[in-house]
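One structure below.
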Amino acid sequence: MVARFLPLLLQAGVLLLALTGCICRAQSKNFKCSIINEAGFCFIENVHLDVSTNGIGGDSIQFPRHPTLLIKSGAIPYFGKDIFALLGNTKQLHVYNQTSIRNLFIPVTNLTEINVQRNGLLEFDVEPVENRELKMLSIVHNGLVTVPRNIRFLVGLEKLYLYNNSLEYFDLEPLANASHSLKILSIYDNHIKTLDSRSALYFPKLQTLSLSKNKLAFVPYFEESFPAVTVVSLRKNPWNCGWLHTTMQYIEARKIQVVRKDAACRDRWISEICCTYTVLDFMFDRAAAQIRREQQLLRNVTHENRRLVETVHQLADDLHRLQSQLDQQQQPASEKSISDARTGDSM
């Protein structure tokens, strides 16, 4: 009887051992540096963590205690608060090409830099708690279509890189809390049609503004919003020619460096940057030409009036001089008449 069930018992034992091994492996993951390069980056490979928004659960996971971690490969569909909590005293986190991430949630941590690139990332969010530690956020070569409003809680942000995504709209308002710290804003190579702003919003420390390869026609309050900018990229946008003409005058007067200009244009060129000449541009140019003609006419009339006034003053002076000469000539004749009269009386 026992012999009949012995194979089944052996199979059950093997299956139990296999499951136990899987559970043990699932409950204990101790990642180590595969290499530490000359720059001090600790490379970690094959990081597979299928963590839901509910947390890690009972897993025991350890990352190297190193200031700079670079996760080179793996899959972390939800990179959230529980995983960030495992990073200990790490200051710089890089998650590169072969590490798949679908959703990123950035909590308040000790991290000063987060660099996520080429991960298939579709969205990210920020914990709604003021974060002064994070200085650099780079989410590039991914699939972002929106920027969360909660980015306003990154009040210490100095560098923001969101290039090579699929953004169609970018609002500067959520960055207002970081307006006095932000130095670099790089949002080139998206599909941005509207860069939203307001008149009182300005970034006094922003030095680099990268806007190339979007679908922008103008940037509202450019001069007022970015008074300290020294480097700007503008190429490959359908800029409005009127706006671009005025802006390039400002840029050239301030000696702002324009990085990588357009090589060729289908419509118009202003300082080697392409622009699109629209009906509005035609109306603007026509009105501007009329204003210039009226200004020139006014200058001519003013000049003629000035000459007329000078002529009148000259004639007045000449008249006064002639009157003085006439008075001087009449005075001796009058004195002689008086003397002749007195002589006749005495005779």
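Report, ordered by chain and residue number, the aspartates and glutamates lying within cross-link reach of Lys91, taken as a straight Cα distance under 13 Å and ignoring same-chain residues fewer than 8 apart.
Lys91 reaches Glu113, Glu133.
Could you work out how far apart the two model spin labels at Leu315 and Asn103 are, taking each label as a point 7 Å from the Cα in the direction of the beta carbon, and quote it in nm?
Reported label-point gap for Leu315 and Asn103 is 9.0 nm.
For the full complex of protein chains and a 1.4 angstrom probe, list Ser199, Ser179 by accessible area with the highest value first.
Ser199, Ser179
Calculate what fraction, in whole %, of the accessible area of the range 136-233 sits on carbon and sulfur atoms when a 1.4 Å probe is rolled over the protein chains.
The C+S portion of the solvent-accessible surface of the range 136-233 is 49 percent.
Among the lysines, select those whose C-alpha is under 16 Å from the C-alpha of Lys72, and discard any that sit fewer than 8 residues away in the same chain.
Hits, sequence-local ones excluded: Lys32.
Keeping all protein chains in place, calculate the accessible area per residue for the range 108-261 (probe 1.4 angstrom), answer in Å².
I get 43 Å² per residue for this part.
For the range 62-185, just say rounded, prolate or oblate: build the C-alpha gyration tensor, square-root its eigenvalues into a ≥ b ≥ c, call rounded for a/c under 1.5, and beyond that prolate if a/b exceeds b/c, oblate if not.
oblate
Can you give the accessible area of Lys91 in Å² (nearest 10), computed on protein heavy atoms with a 1.4 Å probe?
Here the residue's solvent-accessible area equals roughly 80 Å².
Sort the range 36-133 into rounded, prolate or oblate with this rule: let a ≥ b ≥ c be the square roots of the eigenvalues of the Cα gyration tensor; rounded if a/c is under 1.5, and if a/c is not under 1.5, prolate when a/b is larger than b/c, oblate otherwise.
rounded
At 1.4 Å probe size, what's the solvent-accessible area of Lys32? Round to the nearest 10 Å².
Taking all protein chains as shown, Lys32 has close to 150 Å².
Taking a probe of 1.4 angstrom, what is the accessible area of Asp267 in Å², to the nearest 10?
80
Exceeding 25 Å between C-alpha atoms, which entries from my cross-link table qualify? They are Lys183/Lys236; Lys183/Lys255; Lys81/Lys215; Lys183/Lys213.
Beyond 25 Å: Lys81/Lys215.
The values are calculated or read from the model by the stated rules, or taken from the named source; none is laboratory data. Computed from a predicted model, the values in this text were never measured in an experiment. Using ideal geometry, Cβ is built from the backbone for each residue, glycine included, and neighbour counts are taken over all protein chains shown. The protein model used for the area step is the full one, side chains on, heavy atoms only, and it has no ligands, DNA or RNA in it. Shrake-Rupley method; radii C 1.70, N 1.55, O 1.52, S 1.80 Å.
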